[in-house]
Amino acid sequence: MRAHLFGLLVLLATTATAAAPVTQQSALRVQQLFVAQASAQPLRISQAVLQVTDTVRVQMLALIARGDIQKAIALYQLEMGRQTLPRWLQLLELAFAAENRRPGPCIEVARHIFTAFQKLGGKPEFIRFTSHGSNYIAFEMRAGEPRSTVQLSDLSLHVAVRLQNKIYDAFTGPRGLPENEYMRRLVTEEGLKISSAVLNSLDEL
């Protein structure tokens, strides 16, 4: 009996001695893994939360095409669970502000509209309108009403964005206009013409 107990004690002592270093290393490894996972987890959660689904993108583009940019923004806030808007969406809203309906801001306005449409999964294009023989380009805010005409440019060019055969700039508002309708509303000096061309980037201006 004594021999059996002695053998058992020897076995326990040997096991404890051998296991002690392994236990310390394991504890350290577990701690390292826990810290690494804890650091990475918020990033994964944040990325998941901030991911806009394709369905939401399509719905937002449809709302913007109807001129309901505020509803598009509200949908984003609802789906994403956040009140703070991303910069690209803020700039899209500002692009259509009345203060941009003047000569000068068209390039930046087009850039903001283009970026937002890309973020929403669209395939926008930059369109350059050029008046030949005159620096003057204007636009009828209400078709067929010359009194509603406002000047777009005094540099013979104007830049807008085309998406699905509609033109968008500060003058069209978020609803945009069919390309043919937009071209009919463009005005330059009598007898002169305005042409349009697709730009691969704004660097081609």
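Bear in mind that the values in this text are calculations on the coordinates, not laboratory data. Worth saying up front: this structure is predicted, and the values here are computed from it rather than measured. Note that we place each Cβ from the backbone using ideal geometry, even for glycine, and neighbour counts take in every protein chain shown.
Structure data summary
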quantity	calculated
The range 184-199, residues that are at negative phi and part of a loop (DSSP other than H, G, I, E, B)	188, 189, 190, 192
Strands (runs of 3 or more DSSP E) enclosed by the range 107-183 - at least 3 residues per element that are buried (at least 17 other Cβ atoms within 10 Å of the Cβ) and more than 26 Å from the chain's Cα centre (by Cα)	137-140
Residue 95 being under 29 Å from residue 188 (Cβ atoms), of a type in the set (Gly, Ala, Ser) and touching a helix residue (DSSP H, G or I) at 6+ places or on another chain (Cβ under 6 Å)	yes
